[in-house]
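The values are calculated or read from the model by the stated rules, or taken from the named source; none is laboratory data. The structure presented is a predicted model; accordingly, all values stated were derived computationally and were not measured. Every residue, glycine among them, receives a Cβ derived from its backbone with ideal geometry; neighbour counts consider all protein chains shown. Remember, those area values only see protein heavy atoms, side chains included, never the ligands or the DNA or RNA. Shrake-Rupley method; radii C 1.70, N 1.55, O 1.52, S 1.80 Å.
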Amino acid sequence: NNRSWTLSNTLTYQDTFFDTHNVEVLAGTETVEERTQFVQGTVQDFFSFDPNFTSLNTGSGTRTNTSSTTETALFSLIGRLDYDFANKYLLSFTIRRDGSSKFTRNRYGWFPAATAGWRISQESFMEDIAWLTDLKLRGGYGVMGNQLNVDLNNPFTLFGGNQSNTFYDITGSNSNIAQGFARQRIGNPNAKWERNVNLNVGFDVAVFDGQLEATFDYYEK
């Protein structure tokens, strides 16, 4: 049984100042929560495998069962500012603050990004080049957070046991067994978000009224 829900809220403001300054601002939040429940039972050594006969009660082997419940949650704050001047100089800034239930001491991480572009073809010194339709230089730098590869129980040291390995025969007979525990995993409360740094530079060019277009990129992660 798996249930998840996502709630996203964004607010955008857009305006133009003095006919050449275009600004767009976005602010938002996002919440994600997922809950999973799991139950399993097994048995072997059936007298017959007739589908009308087989069930967990009709196998002669030892019955086993297991179950689990997991829950994860994310909460994010998002902000973005886009600006362009006369469609020639382009800037964009983004900031995220993400929080994950998989971490404790370092639950939240900040992840910024910025991009810039220069549409050279809009400059006055390019007006006499009739065959050039568009030429734009651009670059970007950003940090992305990742927590998908982190175990749900990552921050916690867990204990458990079973009758074969950790239970104790107090009286010397199997009629009186005391439950015991052993450490199953070592927690890491100092774990934090993985940070992936991305860098790209490139340019776009179009010639002959857009009949031929090309894009060049250098990307590094």
- Scan segment 174-196 and report the pairs whose first residue is within 21 Å of ARG96 (Cα to Cα) and in contact (Cβ under 8 Å) with a residue 12 or more places away in the chain and whose second residue is surrounded by 12 or more Cβ atoms within 10 Å (Cβ to Cβ) and of a type in the set (Val, Ile, Thr), with Cβ atoms within less than 8 Å and a gap of 6+ or a chain change. ALA191/VAL150; ARG195/VAL143; ASN196/VAL143
- If PHE53 satisfies every condition in (1) part of a strand (DSSP E or B); (2) exposed (fewer than 12 other Cβ atoms within 10 Å of the Cβ); (3) touching a Phe, Trp or Tyr at 6+ places or on another chain (Cβ under 9 Å) but one, which is the exception? (1)
- Query: Name the pairs whose Cβ atoms lie under 7 Å apart, with the first residue in segment 94-114 and without any contact (Cβ under 8 Å) to a residue 24 or more places away in the chain and closer than 20 Å to ASN198 by Cβ, the second open to solvent by less than 50 Å² (accessible area, probe 1.4 Å) and assigned to a strand (DSSP E or B), and 6 or more positions between them or separate chains?
  - Reply: ILE95/GLY79; ARG97/SER76
- Note on the structure: Within segment 91-102, the count of residues that are open to solvent by less than 40 Å² (accessible area, probe 1.4 Å), at pLDDT 95 or above and not polar (S, T, N, Q) comes to 2
- Taking segment 56-65 and keeping only residues that are open to solvent by 80 Å² or more (accessible area, probe 1.4 Å) and under 30 Å from LEU152 (Cα atoms), one is left with ARG63, ASN65
- Among residues of segment 17-46, those that are open to solvent by 50 Å² or more (accessible area, probe 1.4 Å) and in a loop (DSSP other than H, G, I, E, B), counted: 4
- Message: When you scan segment 123-143, do you find a residue that is of a type in the set (Ser, Thr, Tyr), surrounded by 15 or more Cβ atoms within 10 Å (Cβ to Cβ) and over 20 Å from ARG97 (Cα atoms), even just one?
- Response: yes
- Only one of PHE167, PHE111, PHE203, PHE208 is within 20 Å of SER100 (Cα to Cα), surrounded by 11 or more Cβ atoms within 10 Å (Cβ to Cβ) and of a type in the set (Phe, Trp, Tyr), namely PHE111
- Query: Does segment 46-80 hold any residues that are closer than 30 Å to TYR108 by Cβ and either in contact with a helix residue (DSSP H, G or I) (Cβ under 9 Å, 6 or more places away or on another chain) or among the acidic types (Asp, Glu) (or both), and which are they?
  - Reply: GLU71
- Condition met for LEU74 (of a type in the set (A, V, I, L, M, F, W, C) and open to solvent by 80 Å² or more (accessible area, probe 1.4 Å)): no
